[in-house]
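Right, I'll just put the structure down here and ask away after.
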Amino acid sequence: MTRSKDQDSVALTPHSVISEHRQEILVRWLDAAQEGIPYAQNQSRAELADHLQEQFQVIIEALASQAGYVSRQDRENAPSALHGRERATINNWNVVKLVQEYVILRRVIVGYCRDSCPLDEPEISTITSVIEDAMLIAVTEFTRSLQRVQQKLMGTLIHDVRTPLGVANLYVDLLDMEDIEEDHRRQYNDIVKRNLARCLAMLEDLLDVAQVEAGQGLLMHFKGTDLNSAMRTVCEEEDQIYTQRIVADLEDHPVHGVFDEALIVRTVENLISNALKFGHPNSPVSLSLKDRGDYAELRVNNFGEPIPEEAAQRMFDFFVSSSAGIQNTKRGRGLGLALIKTVAANHGGEVIFESSTEGGTTFGMTLFKNHHQDGDEVSVLL
């Protein structure tokens, strides 16, 4: 909408223009944000516009006041505080992008008002003050949210690494015994290697998180491999690590294809760990691999409290994992179930999820055997 400065100059004021045309302003901001901010085009417009209507209301009320803008918001529950916390949950978002949002918002609002009605310096100053105040609140909450996640991440990682390190340390001491039999020596040596390997896998998970947060993504390596052999090794190793037996339902023949074996193995290990952690004590956990011709189908099943459908929808997001009992969503140690979604999609497949009291909870994925060529490398964002 474009008007001359004289047209309806008495009736039209900046706060009335924003109030009556906030939807048009919102659309302009969305267009500008998706054009000017990296990764914004990967978000839905509804997700980008979160809490912006409430922020418009703060600007309208400030412009309508004759006393000038003074922040009287409950800063903990201000629209910009909620906005900052929401942005902290978006992959690859950072403080720079958050500040860009507010810079673009000021430019769009001031430009729209100038095209629609007279706009003097005090009004521009009020708009700027409101937006700068909102930006400061949003950045503060964004930073706090990330700090809380990092603290939880480090605390959980230290807790998780302590167990395999403790086991490895125990068996190193046993290896120092002079009268140990050779068969036991080899067995203890294998246990030490496996537990140290688990520690390394956890640290790799942490590095993957850092890469994803930095926008670098994960590098996937595809090569010809026998997936059945890889899953048999996973079952044997997990069976040695956990006192609870892993039931293997594998094929009796090789399942050849071009896969990223390392990421598939890590994904399955994570699924087994979750199944043991959140399933009923002493209930069976099974790993199934089925050859479906053009693709392979992997499933990990456990019995426990069923997962509600609404919780399941969020569980495949980056950095979301399960909590005890119903496995509802909260931030976890690493890539969480986002990894299974990424691995499945980049093998041309899809995620499998089923949960009921009778059948237990199943997480899995389909993996097409020839979606990539041997030697391919693909960098993917979660």
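The values are calculated or read from the model by the stated rules, or taken from the named source; none is laboratory data. Because the structure is predicted, anything quoted here is derived from the model rather than measured. Note: ideal-geometry Cβ built from the backbone for every residue, glycine included; neighbour counts use all protein chains shown. Ligands, DNA and RNA are stripped out before the accessible areas are found, and what is left, the full protein with its side chains, is counted by its heavy atoms. Shrake-Rupley method; radii C 1.70, N 1.55, O 1.52, S 1.80 Å.
Select, from 96, 27, 70, the only residue that is at pLDDT 90 or above and under 21 Å from residue 129 (Cα atoms).
Working: 27 fails: under 21 Å from residue 129 (Cα atoms); 70 fails: at pLDDT 90 or above.
None of the others qualify; the one that does is 96.
I'm trying to understand the selection: among the residues of the stretch 241-285, which are open to solvent by less than 30 Å² (accessible area, probe 1.4 Å) and in a strand (DSSP E or B)?
Scanning the stretch 241-285 gives 246, 257, 258, 259, 285.
From the list 33, 40, which residue is modelled with pLDDT of 90 or more and either under 15 Å from residue 105 (Cα atoms) or among the aromatic types (Phe, Trp, Tyr) (or both)? Before the answer, list the steps.
Working: 40 fails: modelled with pLDDT of 90 or more.
When all the criteria are applied, what remains is 33.
Among (1) within 15 Å of residue 355 (Cα to Cα); (2) modelled with pLDDT under 70, which single condition is residue 306 missing?
Residue 306 satisfies all of (1) within 15 Å of residue 355 (Cα to Cα); (2) modelled with pLDDT under 70 except (2).
Matching residues to (1) buried (at least 19 other Cβ atoms within 10 Å of the Cβ); (2) within 30 Å of residue 200 (Cβ to Cβ):
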{"position": "82", "(1), (2)": "no, no"}
{"position": "89", "(1), (2)": "no, yes"}
{"position": "104", "(1), (2)": "yes, no"}
{"position": "113", "(1), (2)": "yes, no"}
{"position": "122", "(1), (2)": "no, no"}
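List pairs: first residue in the stretch 290-312 and among the basic types (Lys, Arg), second residue surrounded by 15 or more Cβ atoms within 10 Å (Cβ to Cβ) anywhere in the structure, Cβ distance under 6 angstrom, at least six positions apart or on different chains.
Within 6 Å, the pairs are 290/297; 299/288; 299/362; 299/364.
Kindly check whether there is at least one residue in the stretch 48-62 that is of a type in the set (Phe, Trp, Tyr) and either loosely packed, with under 15 Cβ neighbours inside 10 Å or more than 18 Å from residue 15 (Cα to Cα) (or both). I'd like the intermediate steps shown before the answer.
Step one: list which residues in the stretch 48-62 are of a type in the set (Phe, Trp, Tyr), which gives 56.
The next check asks that each one be either loosely packed, with under 15 Cβ neighbours inside 10 Å or more than 18 Å from residue 15 (Cα to Cα) (or both); those that pass are none.
No: zero hits.
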